[in-house]
Amino acid sequence: MATMHDKITLQLPAKPEYVSLGRLSLSGIASRAGFSYEAIEDLKIAVSEAITNSVKHAFKEEEGGEITVDFLVYEDRLEVRVSDNGTSFDLGKQEIGPYDVGEDAEMMRIGGLGLFLIETLMDDVKLYYDEGVSVVMTKYINEKQVEENAKSIST
């Protein structure tokens, strides 16, 4: 039997001034789903980074681009899909963290931390390429569930 969920879809113009609308929507949805304050803050950062990446890389400030944000609320988790149909960056050419512990923070390149932050803050992240990019981020409501899944996979 398939897991039941609620789906909320948000269409945003690919402009920096609309990133906050995605973050605000997420905050209300995550609060209603039962996430803790700390988890909501992590979610807000990850979703903001994903939307910002679409604005910056997929459309390169071209007019008319749209970003779709789907929020799928399950009993035990929230799945957020940020999708665009732009010409995104080449992931193979991107250097993604983590950075060396001894690396001087002032010498680090500007940007490039978005995907690293998303992967750090979320429980599961998947990237899909098909006429644009979709970033699918999952966060479990009960952090204990994540720990149990990790133990069962690693043993």
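The values are calculated or read from the model by the stated rules, or taken from the named source; none is laboratory data. Just so it is clear, the model here is predicted, and its values are computed rather than measured. Glycine gets a Cβ as well: all are built from the backbone with ideal geometry, and neighbour counts include every protein chain shown. The accessibility values were calculated without ligands, DNA or RNA, using every heavy atom of the protein model including side chains. Shrake-Rupley method; radii C 1.70, N 1.55, O 1.52, S 1.80 Å.
For THR120, THR138, the ranking by accessible surface with the largest value first comes to THR120, THR138, using a 1.4 Å probe. Binning the alpha carbon pair distances of the stretch 9-74 at 10 angstrom intervals from zero yields the distribution 22, 51, 22, 4, expressed in whole percent. If R0 is 25 Å, what FRET efficiency do you get for GLU131 and SER20 from their C-beta distance, rounded to 0.05? Approximately 0.40, to the nearest 0.05.
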